[in-house]
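Peer 1: The structure's right below; bear with me while I get my questions together.
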(Lines give C-alpha, C1' and ligand atoms only; values in the text may rest on other atoms or scores of the structure.)
Protein backbone atom coordinates (compact mmCIF):
# COMPACT_ATOMS: atom_id res chain seq x y z
CA UNK A 1 0.00 0.00 0.00
CA UNK A 2 1.29 3.46 -0.93
CA UNK A 3 1.28 5.96 1.93
CA UNK A 4 -0.99 8.98 1.58
CA UNK A 5 0.49 12.45 1.34
CA UNK A 6 -0.83 15.19 3.61
CA UNK A 7 -3.50 16.39 1.13
CA UNK A 8 -4.76 12.86 0.37
CA UNK A 9 -4.90 12.06 4.07
CA UNK A 10 -6.83 15.25 4.77
CA UNK A 11 -9.36 14.44 2.03
CA UNK A 12 -9.75 10.84 3.24
CA UNK A 13 -10.33 12.02 6.80
CA UNK A 14 -12.88 14.61 5.65
CA UNK A 15 -14.75 11.95 3.67
CA UNK A 16 -14.78 9.57 6.63
CA UNK A 17 -15.94 12.28 9.04
CA UNK A 18 -18.72 13.28 6.62
CA UNK A 19 -19.84 9.68 6.26
CA UNK A 20 -20.02 9.25 10.01
CA UNK A 21 -21.95 12.47 10.50
CA UNK A 22 -24.40 11.81 7.66
CA UNK A 23 -25.04 8.15 8.42
CA UNK A 24 -28.72 7.30 8.69
CA UNK A 25 -29.60 4.57 11.12
CA UNK A 26 -32.48 3.36 13.18
CA UNK A 27 -35.98 2.22 12.38
CA UNK A 28 -37.47 5.44 11.04
CA UNK A 29 -37.88 5.01 7.29
CA UNK A 30 -38.26 8.75 6.87
CA UNK A 31 -34.84 9.28 8.45
CA UNK A 32 -33.29 6.57 6.31
CA UNK A 33 -34.74 8.14 3.16
CA UNK A 34 -33.46 11.54 4.29
CA UNK A 35 -30.01 10.03 4.79
CA UNK A 36 -29.94 8.83 1.19
CA UNK A 37 -29.77 12.45 0.05
CA UNK A 38 -26.20 12.46 1.35
CA UNK A 39 -25.24 9.96 -1.34
CA UNK A 40 -27.20 11.62 -4.11
CA UNK A 41 -30.42 9.61 -3.94
CA UNK A 42 -33.78 11.21 -3.34
CA UNK A 43 -37.01 9.29 -2.96
CA UNK A 44 -39.49 10.35 -5.61
CA UNK A 45 -42.89 11.98 -5.20
CA UNK A 46 -44.78 11.33 -2.01
CA UNK A 47 -42.52 8.55 -0.72
CA UNK A 48 -40.82 10.67 1.97
CA UNK A 49 -44.19 11.79 3.36
CA UNK A 50 -45.57 8.26 3.06
CA UNK A 51 -42.54 6.94 4.97
CA UNK A 52 -43.46 9.24 7.86
CA UNK A 53 -46.92 7.69 7.92
CA UNK A 54 -45.37 4.23 7.96
CA UNK A 55 -43.04 5.27 10.81
CA UNK A 56 -46.13 5.79 12.97
CA UNK A 57 -46.77 2.03 12.86
CA UNK A 58 -43.42 0.99 14.32
CA UNK A 59 -43.99 1.49 18.06
CA UNK A 60 -47.57 0.17 18.30
CA UNK A 61 -46.73 -2.86 16.18
CA UNK A 62 -43.72 -3.70 18.32
CA UNK A 63 -45.11 -2.77 21.73
CA UNK A 64 -48.73 -3.83 22.22
CA UNK A 65 -49.05 -1.70 25.35
CA UNK A 66 -48.37 1.48 23.34
CA UNK A 67 -52.08 2.32 23.29
CA UNK A 68 -53.71 3.99 26.30
CA UNK A 69 -55.94 1.01 26.96
CA UNK A 70 -57.26 -2.10 25.33
CA UNK A 71 -55.81 -4.46 22.80
CA UNK A 72 -54.08 -3.28 19.61
CA UNK A 73 -56.77 -4.91 17.48
CA UNK A 74 -59.19 -2.28 18.79
CA UNK A 75 -57.07 0.45 17.19
CA UNK A 76 -55.52 -1.25 14.18
CA UNK A 77 -58.09 -1.54 11.41
CA UNK A 78 -57.96 -3.41 8.13
CA UNK A 79 -57.97 -0.05 6.32
CA UNK A 80 -54.94 1.18 8.30
CA UNK A 81 -53.11 -2.06 7.66
CA UNK A 82 -53.90 -1.94 3.94
CA UNK A 83 -52.68 1.66 3.65
CA UNK A 84 -49.46 0.80 5.49
CA UNK A 85 -48.89 -2.19 3.23
CA UNK A 86 -49.35 -0.04 0.11
CA UNK A 87 -46.78 2.45 1.37
CA UNK A 88 -44.32 -0.30 2.30
CA UNK A 89 -44.72 -1.90 -1.13
CA UNK A 90 -44.13 1.45 -2.87
CA UNK A 91 -40.95 2.10 -0.89
CA UNK A 92 -39.73 -1.45 -1.49
CA UNK A 93 -40.43 -1.16 -5.24
CA UNK A 94 -38.41 2.06 -5.39
CA UNK A 95 -35.48 0.50 -3.51
CA UNK A 96 -35.57 -2.63 -5.68
CA UNK A 97 -35.60 -0.38 -8.76
CA UNK A 98 -32.31 1.15 -7.62
CA UNK A 99 -30.68 -2.27 -7.83
CA UNK A 100 -32.29 -3.38 -11.09
CA UNK A 101 -29.81 -3.93 -13.93
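Peer 1: Of all residues in segment 41-56, which are within 12 Å of the chain's Cα centre (by Cα) and either exposed (fewer than 10 other Cβ atoms within 10 Å of the Cβ) or more than 30 Å from residue 97 (Cα to Cα) (or both)?
Peer 2: none
Peer 1: Related question: Please enumerate the residues belonging to segment 1-40 that are surrounded by fewer than 13 Cβ atoms within 10 Å (Cβ to Cβ), modelled with pLDDT of 75 or more and touching a helix residue (DSSP H, G or I) at 6+ places or on another chain (Cβ under 9 Å).
Peer 2: 27, 39
Peer 1: Look through segment 57-94, keep the residues that are within 16 Å of the chain's Cα centre (by Cα) and modelled with pLDDT under 90, and return whichever of them is surrounded by the most Cβ atoms within 10 Å (Cβ to Cβ).
Peer 2: Filtering first and then ranking leaves 57.
The values are calculated or read from the model by the stated rules, or taken from the named source; none is laboratory data. Because the structure is a prediction, the values reported are computed rather than measured. Glycine gets a Cβ as well: all are built from the backbone with ideal geometry, and neighbour counts include every protein chain shown.
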